[in-house]
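These notes concern the structure reproduced below.
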């Protein structure tokens, strides 16, 4: 049985006396359900698991029914023994947070030792409910896309396999049949995330635009693209506010994000042209017309994949650490990625083998911002394989 590093965090918290709701949040197919089932098997607690992942949305009554199942286990085993209730895809229940708050507070008042784990596939959407009603009652355990080290340990993958096929463990057995693998990524991950994790639960006035924006973002992953240029390439795009909102939703669903430019003012950061970035390179390569072998021979495409893999690694690894990821560009000079922790910064340039149209700006950035570390990845710098194996916080040591 393969355990991800996040498993130890989850297991340790569930062994503690009941204090907080535990929220296991992350994109689809990153192993959240597997993690909780492994924990349920290892713990001595009686447990009950239920999922709201149905084609139609569940009601609050469903939560109450499942909660009563958990309370029944506590009564059967005795309150000192406690019990565990797991509710999967909880954000798909309309008004879920208010119902959970009421039930959790009732158990707290009566000292019922029912430990509760909520699972959700869209961090942005689940946090909306948490922030509204459950302040001070929960802890989030982020579950991000699988890293290179995890795919290597679990499936024996090499660097090139990870760069092209990305970090979806459920697709690992399909990579020898490229067409079947690509259909799985497109149909079971991309379309399911858009249709069931975004469109089903959020008012989207232009669903076709959201899909086209995702395609555009994949095509331009690793590149800075102004909202005005996006509008020029997207029919019926509306305004920049709509595009920024749709991009934020896709970022919350763990698909595609837009990195902000590092500036000295938050307002300017929010208004900057985003650097588009897939959060798993499978989303880019599955939609291309290039096979694994053809992609490796295409210098420009492979360079985009390598830089996208580096960016995805930084963003995923930084999740939950307090480290922020940016890019920097001034007067045609650019630094690919900037890490910031409090006032310390780390500047990272990826030498990926394709021309990005901007001159390296490491020297100018170093003069202005005086980073803690300047890092070159690839070429004569840190090998890409080593870089993808190092947790992001290590660069601040």
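Under the condition of being in contact with a strand residue (DSSP E or B) (Cβ under 7 Å, 6 or more places away or on another chain) and not in a helix (DSSP H, G or I), which residue from region 4-33 is surrounded by the fewest Cβ atoms within 10 Å (Cβ to Cβ)? Per the criteria, the residue is 20.
Of the helices (runs of 4 or more DSSP H) entirely within region 196-254, those holding at least 3 residues that are within 22 Å of residue 328 (Cβ to Cβ) and in contact with a helix residue (DSSP H, G or I) (Cβ under 9 Å, 6 or more places away or on another chain) occupy 227-233, 240-252. The condition of being closer than 30 Å to residue 281 by Cα, in contact (Cβ under 8 Å) with a residue 40 or more places away in the chain and surrounded by 19 or more Cβ atoms within 10 Å (Cβ to Cβ) holds for only one of 143, 100, that being 143. Only one of these is surrounded by 16 or more Cβ atoms within 10 Å (Cβ to Cβ), within 16 Å of residue 312 (Cα to Cα) and assigned by TED's automatic domain parsing to the domain that holds residue 302: 346, 350. Name it. Going through 346, 350 in turn, just one is surrounded by 16 or more Cβ atoms within 10 Å (Cβ to Cβ), within 16 Å of residue 312 (Cα to Cα) and assigned by TED's automatic domain parsing to the domain that holds residue 302: 350.
Condition first: in contact with a helix residue (DSSP H, G or I) (Cβ under 9 Å, 6 or more places away or on another chain) and outside any strand (DSSP E or B). Now tell me which residues in region 107-125 satisfy that. Within region 107-125, 107, 112, 113, 121, 122, 123, 124, 125 qualify. Just so you know, in region 354-366 the residues that are within 23 Å of residue 392 (Cα to Cα) and surrounded by fewer than 16 Cβ atoms within 10 Å (Cβ to Cβ) include one that is modelled with the lowest pLDDT, and it is 360.
Within region 76-90, can one find any residue that is surrounded by fewer than 19 Cβ atoms within 10 Å (Cβ to Cβ), touching a helix residue (DSSP H, G or I) at 6+ places or on another chain (Cβ under 7 Å) and outside any strand (DSSP E or B)?
No.
Summed over region 239-265, residues that are under 22 Å from residue 193 (Cβ atoms) and without any contact (Cβ under 8 Å) to a residue 60 or more places away in the chain total 10.
Scan region 76-91 and tell me whether some residue there is closer than 18 Å to residue 133 by Cβ and in contact (Cβ under 8 Å) with a residue 40 or more places away in the chain. Checked against the condition, which is being closer than 18 Å to residue 133 by Cβ and in contact (Cβ under 8 Å) with a residue 40 or more places away in the chain, region 76-91 yields at least one hit.
Does residue 128 qualify as being out of contact with any strand residue (DSSP E or B) (no Cβ under 7 Å at 6 or more places or on another chain), assigned to a helix (DSSP H, G or I) and closer than 30 Å to residue 200 by Cα? So residue 128 fits the description; yes.
Of the residues screened, residue 290 is not one that is crowded, with 19+ Cβ neighbours inside 10 Å and either more than 16 Å from residue 223 (Cβ to Cβ) or in contact with a strand residue (DSSP E or B) (Cβ under 8 Å, 6 or more places away or on another chain) (or both).
Would you check if residue 188 is surrounded by fewer than 15 Cβ atoms within 10 Å (Cβ to Cβ) and under 25 Å from residue 249 (Cβ atoms)? When the stated conditions are applied, residue 188 does not pass them. Looking only at residues in region 146-159 that are surrounded by fewer than 17 Cβ atoms within 10 Å (Cβ to Cβ) and touching a helix residue (DSSP H, G or I) at 6+ places or on another chain (Cβ under 8 Å), the one that is nearest to residue 9 (Cα to Cα) is 154.
The values are calculated or read from the model by the stated rules, or taken from the named source; none is laboratory data. Note that this is a predicted model, so its numbers are computed, not measured. Glycine gets a Cβ as well: all are built from the backbone with ideal geometry, and neighbour counts include every protein chain shown.
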